[in-house]
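Asker: One structure is given below, represented as structure tokens, and several questions about it will come after.
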Amino acid sequence: MRTKFGLRPPYYDQPVARQRYRRKKVPFREEPSAQSRVLHRTKGDTGARLGPRQLGWTMNERKPAGQQNPMEATATRSKKANAKPAKLGRDVQARLGQQLRAMYDEVVNQGVPDRFSDLINRLESSGKKDSQ
Amino acid sequence: MPMDESVRKAVLAAVPSLRAFAISLCGNVDRADDLVQETLLRALANIDSFQPGTNMSAWLFTILRNHFRSEYRKRRREVEDSEGHHAESLKSQPDQYGHVEFREFREALAQLPADQREALILVGASGFSYEEAAGICGCAVGTIKSRVNRARTRLAELLHVNSAEDFGPDETTRAVLASGGE
């Protein structure tokens, strides 16, 4: 068949072929849902047309600022509160270390009490006697 | 028991920090001194097992720590019935040594779990490296690191410290200072 666009393929005018070309292939479902009826309307489908409202589609409404999901908001806040004590600031660590060392050095600066130097000397002298 | 002069000096040099460690472990000066004495006796009796050239204080710390652990376990069984009384006596002990300004800090330190406290003291005060502290406590380096970290965090919590400004003069002193400045 000749048209102004040239020669059309012979199967183009055959009804079966036409249907095959037009029909969209969709996975078989037992009962097509309302949504799929809209999306994949077939030739003989005379079902009532349903708009997005009837189908339950809603627009993606923007929530007012500051009023986001309260669950989410508290979740992030408590996460922050939990995370805070896990990492101490350098200044805090330094001060803790200072206090710790000050407490420790107080004892260290007392030197060796006589009790221990005597003990070591005594052990040493007794050791010398044993070895002689 | 032959003892080198250098060994004797090394032992004597380690005694002050050994005492400080013992006091911070058991929070009682008298008991700590007993602990140090027993440690020294044990160490000098087994001086042959000390490898020359290695860290003498780390060796002594290990002995002291192990001795404290075994003694502490025994004592805990003994004092279990009079737990409250024992805790009271421990609490009042820190006043025996040192100033009042550190009392709060000592009390907070005493509340830490024993393994965290010793890790913090070994690394934070005695100046041992993480590796040396791990050797003294007989555990992995990572364990020491996490214990030190947890100890610091807990200490800050107990002292209600969130920043460095929370240290120093208490509320009333600060108020007086502020009013006097104006």
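Asker: Working only within the stretch B:1-32, note down all residues that are open to solvent by less than 40 Å² (accessible area, probe 1.4 Å), more than 7 Å from chain A (Cβ to nearest Cβ) and free of Cβ contacts under 8 Å to residues at least 60 places away in the same chain.
Answerer: Listed by number, the residues that qualify are B:Val7, B:Ala10, B:Ala14, B:Leu18, B:Ala22, B:Cys26, B:Arg31, B:Ala32.
Asker: Take the stretch B:35-52 and flag every residue that is surrounded by fewer than 18 Cβ atoms within 10 Å (Cβ to Cβ), more than 10 Å from every other protein chain (Cβ to nearest Cβ) and at pLDDT 90 or above.
Answerer: B:Glu38, B:Arg42
Asker: On the given criteria, is B:Glu107 at pLDDT 90 or above, part of a helix (DSSP H, G or I) and within 14 Å of chain A (Cβ to nearest Cβ)? If you could, list the steps in order and put the result at the bottom.
Answerer: On the way: at pLDDT 90 or above: no; part of a helix (DSSP H, G or I): yes; within 14 Å of chain A (Cβ to nearest Cβ): yes.
When the stated conditions are applied, B:Glu107 does not pass them.
Asker: Go through the stretch B:43-63 and count every residue that is assigned to a helix (DSSP H, G or I), in contact with a helix residue (DSSP H, G or I) (Cβ under 6 Å, 6 or more places away or on another chain) and either assigned by TED's automatic domain parsing to the domain that holds B:Ser129 or not β-branched (Val, Ile, Thr) (or both).
Answerer: Filtering the stretch B:43-63 for residues assigned to a helix (DSSP H, G or I) gives B:43-45, B:47-49, B:56-63.
This time we only want the ones that are in contact with a helix residue (DSSP H, G or I) (Cβ under 6 Å, 6 or more places away or on another chain), so: B:43-44, B:56-58, B:60-63.
Going one step further and asking which of them are either assigned by TED's automatic domain parsing to the domain that holds B:Ser129 or not β-branched (Val, Ile, Thr) (or both), we end up with B:43-44, B:56-58, B:60-61.
Residues that pass the stated criteria total 7.
Asker: So which residues in the stretch B:20-30 are within 13 Å of the chain's Cα centre (by Cα) and over 16 Å from B:Gly124 (Cα atoms), if there are any at all?
Answerer: B:Cys26, B:Gly27, B:Asn28, B:Val29
The values are calculated or read from the model by the stated rules, or taken from the named source; none is laboratory data. Bear in mind the structure is a predicted one, so any value in this text is a computation, not a measurement. Here Cβ is always computed from backbone atoms with ideal geometry, including for glycine, and neighbour counts include all displayed protein chains. Heads up: the accessible areas ignore ligands, DNA and RNA and are worked out on the full protein's heavy atoms, side chains in. Shrake-Rupley method; radii C 1.70, N 1.55, O 1.52, S 1.80 Å.
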